[in-house]
Amino acid sequence: MKHLLKLLDLSKEEILEILNLADQLKYENKNGIEHKLLAGKTLGMIFQKSSTRTRVSFETGMYQLGGQALFLSNRDLQIGRGEPVQDTARVLSRYLDGIMIRTFEQTEVEDLAKYGSIPIINGLTDFCHPCQVLADLMTIREHKGRLDGLKLTYIGDGNNMANSLIVGGLKVGMTVAVACPKDYQPDPQVLEFAKAYGDKFILTDDILAAAKGADVIYTDVWTSMGEEAETEKRKIAFKGFQVNDEVMAAANPGAMVQHCLPAHREEEITTKVFEEHADEIFDEAENRLHAQKAVMVKVMGNNK
């Protein structure tokens, strides 16, 4: 595994290897066992989209692994002033041991991998969010003891989260149901991928049908970063696509709730449901640290 560009690139076995390593690193971290697996290595972190969780978790993760992380914003890079991404990739490859990028276009991530000579980690694009979904899968397995055979229901925008949840969930043996308005469906490339899984994938605009028998209910904000101009339009389109008591009643007893955060309470999720499942949601947020450490070790390390 040289890069993490999108979950479509990974096999089920590679995903499970990352999750198993993440479990191990989390256990060691909680028990004070040092794991300096990336000692002396440097990760460059390119942020064209800001983030609390992504920056803090990657910086902390590199520190715990014995390496260091450099925060690089548009203001710090010539890429923000028109330098071709292929030139940036070749220059940074001479200085760094890996790059994490959080940006808009998936092609930018792919081009960094194509023209650079060091590992590239996708910290988020408009197409997908692989690091978040690895943390999600890790959290679900922690709480449910397994992934294979569970039903995951996603309610909301067919965005980068929906795309990655569909791919990751199906690859590890889950049934995935997605409920979204007809004009806000997941990416056609992802829907084409899901066809091979037959009735293991469900796409509908009926949230209660999607939630029926679910073991995990997942949601995200209705308006993602960069779409703020559509906020009012989206509030109208997504009215009714809320995780609330009625949705939870349709799910299996003991169903867990996941949210990639930040949450807009009383929009995509009620305050009541959020707070009832806050432990699960903040376990999920914590697991970004451990899952991303596993990814960095897999692509940048020599020891695991």
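Kindly provide the GluC sites (Glu not before Pro) of region 35-143 that DSSP labels as loop, not H, G, I, E or B, and whose Cβ sees at most 16 other Cβ atoms within 10 Å.
The qualifying sites are E105.
Take E284, E227 and order them by how many other Cβ atoms sit within 10 Å, fewest up front.
E227, E284
Given the pairs K2/K293; K49/K151; K30/K144, which are separated by over 24 angstrom at their Cα positions?
From the list (K2/K293; K49/K151; K30/K144), the Cα-Cα distance tops 24 Å for K49/K151.
Taking H as built 1.01 Å from N, whose amide H comes closer than 5 Å to the amide H of A69, not counting residues under 5 places away?
Under 5 Å from the amide H of A69: L43.
Can you put T204, T219, T103 in order, fewest other beta carbons within 10 Å first?
Final ranking by Cβ density, sparse to dense: T204, T103, T219.
Pairs K182/K233; K182/K272; K195/K235; K26/K298: which exceed 18 Å Cα-Cα?
K182/K272; K195/K235
Grab the DSSP H runs of the chain that are 4 residues or longer, score each as -39,500 (n - 2.57), total them, divide by all residues and round the 222 nm result to the nearest 500 deg cm²/dmol. Could the numbers behind the result be given before it?
Working: 12 runs with 135 residues, N = 304.
Roughly -13500 deg cm²/dmol at 222 nm, from the helical runs in the chain.
Please list, in order along region 202-214, the HN-Hα scalar couplings obtained from phi with the Karplus expression 6.51 cos²θ - 1.76 cosθ + 1.60 (θ = phi - 60°), rounded to whole Hz, x for Gly and Pro.
3J(HN,Hα) across region 202-214, in whole Hz: 10, 10, 8, 10, 9, 5, 6, 5, 5, 7, 4, x, 6.
Using the reciprocal of the averaged 1/r over all distinct C-alpha pairs, how large is the Kirkwood radius of region 133-284 in Å?
By the Kirkwood definition, the hydrodynamic radius is 15.1 Å.
Per residue of region 147-163, what does 6.51 cos²θ - 1.76 cosθ + 1.60 with θ = phi - 60° give for ³J(HN,Hα)? Whole Hz please, x for Gly and Pro, Karplus curve as stated.
Karplus-based 3J(HN,Hα) across region 147-163 equals 10, 4, x, 7, 10, 10, 10, 10, 10, x, 6, x, 9, 4, 5, 4, 4 Hz.
Can you give the net charge of the other residues whose Cβ lies under 15 Å from the Cβ of G149, counting K and R as +1 and D and E as -1?
Result for the neighbourhood of G149: +4.
Could you list log10 I(q)/I(0) for the chain at q = 0.09 Å⁻¹, which the Debye formula gives when each Cα is one point scatterer?
So the normalised log intensities work out to -0.43.
Rounded to whole Hz and in sequence order, give me ³J(HN,Hα) for region 38-49 from the Karplus expression 6.51 cos²θ - 1.76 cosθ + 1.60, θ = phi - 60°, writing x for Gly and Pro.
Working through the residues one at a time gives 10, 4, x, 9, 10, 9, x, 10, 8, 10, 9, 10 Hz.
Quick one: D87, D97, fewest Cβ neighbours within 10 Å first, how do they rank? Can you show the working numbers first?
Details: D87 12, D97 20.
Ascending number of Cβ neighbours within 10 Å: D87, D97.
Starting from the amide H of E105, placed 1.01 Å from N in the peptide plane, find each other amide H under 5 Å away whose residue is 5 or more places distant or on another chain.
D126
I need to check one value: relative contact order of the chain, counting alpha carbon pairs closer than 8 Å and at least 6 residues apart, in percent.
With pairs under 8 Å counted, the relative contact order is 21 percent.
All of the numbers you see were taken from the coordinates with simple rules; none came from a lab. The structure presented is a predicted model; accordingly, all values stated were derived computationally and were not measured. Note: ideal-geometry Cβ built from the backbone for every residue, glycine included; neighbour counts use all protein chains shown.
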